[in-house]
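Chemist: Here's a structure for you.
Just so it is clear, none of the values below were taken in a lab; they were calculated from the coordinates. It should be emphasised that the depicted structure is a prediction, and the values quoted were computed from it without experimental measurement. All Cβ positions, even for glycine, are placed from backbone atoms using ideal geometry, and neighbour counts span all protein chains on display.
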Amino acid sequence: MFSQSFFEKRFDVKRVPSFQTIALVTFACLYAPIIIVIIYSFNSSPSLGVFESFSLKWYAMAWDNEKVQDAAIRSLVLAAVAASIATVAATMAALATTRTKRFKGQTFIYAIINQPLMIPEIVTAVALLVFFAMIKIATGYTGMMYLIIAHTAFCIPFAYLPIRARLESMDLTLETAGADLYATPWKTFQRITLPMIWPGIIAGYMLAFVISLDDVVISEFVKSAGQETLPTYMLGQLRRFITPETNAIATANIVVSVVLVSGFFLLTRNRNQG
């Protein structure tokens, strides 16, 4: 019979032939298009295929474009509001599904919360379009609340998963000790549970914020006239005439995402070291 160490050595993925080559090709397929977009955002020529010289004029043009400014501000506000509401709802849902005894229908509730992850986004977008169209006809209201509700509903599972994972990895000893010392459920949550799950909440908020900021399908179906977000504005430009200004806007979105991820990593690392 073979020993356990033999199988561990035998099936080490790093020893698989061409593993490094496959990994490099995979990373190239993922990041080469992004790198090209970043490079051509500094192209002085309006051509998307010929790089002439280094220039920042497309960034300046995007910065001075009032439509880009309005769309960017609208996207940031929408993402912040939707991510905040989604994170609060996801935290309450995670507590309700992890800090109680198992009950009938718990798996069904878990599936319902994660429904937006299982159903194609285009299906969700069409359903929201039909549902909100009925409300618009009945009420005459066409404001931003529809986008906020749609983004919040879509972002809840993205915020729920890291918060639930954090709660499931926590030891119940401290919370039980707090209850034994006559602390109320709210006081136990405020003083014990919340500080311990804070990294998961930040991760959930960050993920929900980025998902909302980058969403184009649901926004395109739900938005009313004059409610362009940055992704839908970029989509509209791609339908008309493509210039490196779109590359500059895309690069700015990449920078925002990288800053958010880096900030979250540094924050959680400092908390773990502390």
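Chemist: If the chain between Ala23 and Phe241 were fully stretched, how many nm would it gain, using 0.36 nm times the residue separation less the Cα-Cα distance?
Modeler: 74.9 nm
Chemist: Provide the gained length on full extension for the span Ile38 to Ser257, in nm with one decimal, where the gain is 0.36 nm per separating residue minus the Cα-Cα distance.
Modeler: Length gained between Ile38 and Ser257: 77.4 nm.
Chemist: Still on this structure: In segment 28-123, which GluC sites (Glu not before Pro) fall in coil by DSSP and have 10 or fewer other Cβ atoms within 10 Å?
Modeler: Those that pass, being in a loop and sparsely packed, are Glu52.
Chemist: Quickly rank 192-199, 233-240 as a protection proxy: mean count of other C-beta atoms within 10 Å, highest first.
Modeler: Output ranking for 192-199, 233-240: 192-199, 233-240.
Chemist: How many angstrom lie between the Cα centre of segment 68-88 and the Cα centre of segment 99-120?
Modeler: Measuring centre to centre over Cα atoms gives 27 Å.
Chemist: A follow-up question, please. Tell me the label only: which of [x] 38, 30, 19; [y] 34, 26, 15; [z] 26, 23, 21 is semi-axes √(5λ) of the Cα gyration tensor in Å as calculated from this structure?
Modeler: [x]
Chemist: Which aspartates and glutamates, if any, have their Cα less than 15 Å from the Cα of Lys57, not counting same-chain residues under 8 positions apart?
Modeler: Within reach: Glu245.
Chemist: Ok, one more. Hey, if you put +1 on the Cβ of every Lys and Arg and -1 on every Asp and Glu Cβ in segment 144-193, which of Thr188, Ala153, Met170 ends up farthest toward the positive end of that dipole?
Modeler: Ala153
Chemist: Provide Val68, Val261, Val216 in ascending order of the number of other Cβ atoms located within 10 Å of each residue's Cβ, fewest first.
Modeler: Going from least to most buried by this count: Val261, Val216, Val68.
Chemist: Right, here's the next one. Would you mind ranking Trp186, Trp63 by Cβ crowding within 10 Å, fewest neighbours first?
Modeler: So the residues, fewest neighbours to most, are Trp186, Trp63.
Chemist: Okay, moving on. Compute the separation of the alpha-carbon centres of segment 22-65 and segment 165-204 and state it in Å as a whole number.
Modeler: So the two Cα centres are separated by 46 Å.
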